[in-house]
Each structure stands twice: as structure tokens, then as C-alpha cells.
1. Given (1) under 30 Å from Ala131 (Cα atoms); (2) modelled with pLDDT under 90, identify the lone condition not met by Asn7.
2. Select from the stretch 71-89 the residues that are surrounded by 13 or more Cβ atoms within 10 Å (Cβ to Cβ), closer than 13 Å to Leu114 by Cβ and not polar (S, T, N, Q) and write down the one among them that is modelled with the highest pLDDT.
3. Looking at Leu113 and the list (1) modelled with pLDDT of 90 or more; (2) over 14 Å from the mean Cα position of the chain (by Cα); (3) crowded, with 17+ Cβ neighbours inside 10 Å, which single condition is not satisfied?
4. Would you check if there is a residue in the stretch 141-152 being out of contact with any strand residue (DSSP E or B) (no Cβ under 6 Å at 6 or more places or on another chain) and within 24 Å of Glu112 (Cα to Cα)?
5. Within the stretch 8-37, count every residue that is basic (Lys, Arg) and surrounded by 15 or more Cβ atoms within 10 Å (Cβ to Cβ).
Amino acid sequence: MTKKAQNEHNLSPVSESFLENSAFLKKFLSRYFSNQQDIEDVSQEAYLRAFVEEQNKGVKSPKAFIFHVARNVALSRLSKKSRQITDYLEDLPSMEITGIEAGADSQLEAQELLELYCEAVATLPEKCRQAFILRKVHGLSHKEISSKLSVSASSVDKYLKRGLLTCDAYIRLRHQPREEQSLTMQNDSSWREK
């Protein structure tokens, strides 16, 4: 954008930087999110926060500041989602985690398990995934999910059961030693949608 065009539109430095780097910012955020809507939401929130900060205190390096804010917003959202999903890991009735040492090893194990759980949820068919997330992350009742997705209560129940079973199978399949994993993956595709 030329100086003349900038002056005609009276864009603030943060606004100009956001417009010029929007595609790069979204690519940067794709490191944190695979869902395009999450990327768009975080991008917009980062811009708004940077713009407000610019109006209140001023910003010396708008591009760097927007990326810094975007990173913080992304990490904050991921942390919130992780806490919500972790609360519902208990819903996997047949899954037992044994032999985990306290300390850094258990934190690493828990993080890996959470990542597996998120991957498992991402493999669910769309309606099933929507119902599962509405229940497990947002805490909606069966009736609220039924209304929101325009499906019957029995369909919601079916989606939630399928979600639990599929996630359980996916995690069991992936949460084993590497040698066993390749053999099991060749023989068992129960975690995939049929």
C-alpha cells in the first residue's frame, strides 16, 4: 500500500500491518490450529487486541506485536481447550493408564495422551465430532445438542457412544510401543470411520 493510499484511508500502523500480513499471520496460526475457523477467530482477536493496545499506549513494531499477540491468544485458547478435554478423559471407561512416573515423565505422558485424544476427536465424522465436542467441551445436554444440530435425541446418543468408542480405540491403537503399533495398525482399522 502506498503512503498516499494509506493517508487516504487513514489506517493505523497496526491496521496496515494486519492487512499486509494477514495471509502470513494465518499461516503462522496454522501451526497451532488445523480448523480454519479457529485460525480466523484467533487472527481477528489478535488484531483487535493489538489495535486496542495501539490506541491506548502505542505500538513501536506493529507486525511483531500482532504476531506476539496472536501467539499468546493461540496458546491461551489451546490451554483452555486442553483443560476442558482433560476433564473429559475420565469418560473413556475402558482406558487405563498405569506405570506413569511422577514428575516430568508424567507430564510428558499426559501431554502425549491429550494430543492423541485431540487427534482421535478430529477423526470422527462431522456430525459425530460436533455432538461429541458440544457435550465434552461445551457441556451441553443431549437435548441442547439435539436442538443445535437439528437431529433426534437418539442420534445424539448414538453419536456420543460412537465418539467414545472410536476415541478409545484410536488411543489404544496409538498408545502402545512403536513395534506393536505398526502391527496393530495393519490388522486393526476400527478407529477409522466405516
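1. Evaluating Asn7 over (1) under 30 Å from Ala131 (Cα atoms); (2) modelled with pLDDT under 90 leaves (1) as the failure.
2. The selected residue is Leu78.
3. (1)
4. no
5. Of the residues in the stretch 8-37, 1 are basic (Lys, Arg) and surrounded by 15 or more Cβ atoms within 10 Å (Cβ to Cβ).
The values are calculated or read from the model by the stated rules, or taken from the named source; none is laboratory data. Everything numeric in this text was worked out from a predicted model, so none of it was measured. Reconstructed Cβ throughout: ideal geometry from the backbone, glycine too, with neighbour counts over all protein chains shown.
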